[in-house]
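Asker: Got a structure for you, questions after.
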């Protein structure tokens, strides 16, 4: 059972290029710099969530650590994310949602993601939708379609990424459809495509499924 990590998840881009200095990285609460070998050591899955640092100097590395651990310690990160999903610290909770979205499978973590599809929190809703769609649960698709006019920004993204931009990228990646999204460059253009996408969903939702070879939804 595949997790959302990989080409199906273009939203996994925050932190994939470390844009801060090694000095700043060595100071982060999430990891350390191995001075002898000149390489960065990753935190544990637990620390990557409880130590998520939204300081502008460290946040890029916090994302980087979660992304890397999702690939190298998928099960461990998923377990840590599930443990902290209800954390009251907004940074820890966010890291748990992000970590779960990276690592959920149909057998573990998907129920928690489904529960967030109706959340008023844009990050919970869209990260869950993208992750579910990425593992073959088409219930994520209408949530992404409905977000084509979402003007709120996602948390901790530098530069800012807005909900409509996130939904635009996901839908183009997950399907072979267009309806004006490929050429849309602003919120007005993206929102204008929403009715056509809603019609597409209404017409094909019963037969849509994720083709694992194509990594796209087909009817």
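The values are calculated or read from the model by the stated rules, or taken from the named source; none is laboratory data. Note that the coordinates shown come from a computational prediction; the quantities given were computed from them, not determined experimentally. Virtual Cβ from ideal backbone geometry, glycine too; neighbours counted across all protein chains shown.
Asker: Any residue in segment 2-13 that is within 23 Å of residue 135 (Cβ to Cβ), crowded, with 19+ Cβ neighbours inside 10 Å, at pLDDT 90 or above and in contact with a strand residue (DSSP E or B) (Cβ under 8 Å, 6 or more places away or on another chain)?
Answerer: Filtering segment 2-13 for residues within 23 Å of residue 135 (Cβ to Cβ) gives 2-13.
Within this subset, residues satisfying the condition of being crowded, with 19+ Cβ neighbours inside 10 Å are 3-5, 8-9, 11-12.
Still in the running and at pLDDT 90 or above: none.
Checking segment 2-13: not a single residue is within 23 Å of residue 135 (Cβ to Cβ), crowded, with 19+ Cβ neighbours inside 10 Å, at pLDDT 90 or above and in contact with a strand residue (DSSP E or B) (Cβ under 8 Å, 6 or more places away or on another chain).
Asker: Further question: Hey, residue 141 hits all of (1) in contact with a helix residue (DSSP H, G or I) (Cβ under 8 Å, 6 or more places away or on another chain); (2) at pLDDT below 95; (3) under 21 Å from residue 181 (Cβ atoms) but one; which does it fall short on?
Answerer: It fails just one condition, (2).
Asker: Right, next: Do we have residue 152 as in contact with a helix residue (DSSP H, G or I) (Cβ under 9 Å, 6 or more places away or on another chain) and in contact (Cβ under 8 Å) with a residue 40 or more places away in the chain here?
Answerer: no
Asker: If a residue has to be under 13 Å from residue 43 (Cβ atoms) and buried (at least 20 other Cβ atoms within 10 Å of the Cβ) to count, how many in segment 74-97 make the cut?
Answerer: 3
Asker: For the list (1) over 27 Å from residue 49 (Cα atoms); (2) touching a residue at least 60 places away in the same chain (Cβ under 8 Å); (3) over 16 Å from the mean Cα position of the chain (by Cα), I need the number of the one condition that residue 173 fails.
Answerer: The number of the failed condition is (3).
Asker: Of the residues 98, 94, only one is touching a helix residue (DSSP H, G or I) at 6+ places or on another chain (Cβ under 8 Å), touching a residue at least 60 places away in the same chain (Cβ under 8 Å), in a helix (DSSP H, G or I) and farther than 26 Å from residue 218 by Cα; which? Before you say what the answer is, go through the steps one by one.
Answerer: Values: 98 fails: touching a residue at least 60 places away in the same chain (Cβ under 8 Å).
Exactly one residue qualifies, and that residue is 94.
Asker: I've got another one for you. Only one of 119, 131 is over 14 Å from the mean Cα position of the chain (by Cα) and either modelled with pLDDT under 95 or closer than 18 Å to residue 156 by Cβ (or both); which? I'd like the intermediate steps shown before the answer.
Answerer: Details: 131 fails: over 14 Å from the mean Cα position of the chain (by Cα).
119 is the lone residue from the list that is over 14 Å from the mean Cα position of the chain (by Cα) and either modelled with pLDDT under 95 or closer than 18 Å to residue 156 by Cβ (or both).
Asker: Would you please name the residue that is farthest from residue 130 (Cα to Cα), looking only at residues in segment 44-73 that are surrounded by fewer than 17 Cβ atoms within 10 Å (Cβ to Cβ) and touching a helix residue (DSSP H, G or I) at 6+ places or on another chain (Cβ under 6 Å)?
Answerer: Top of the filtered list is 57.
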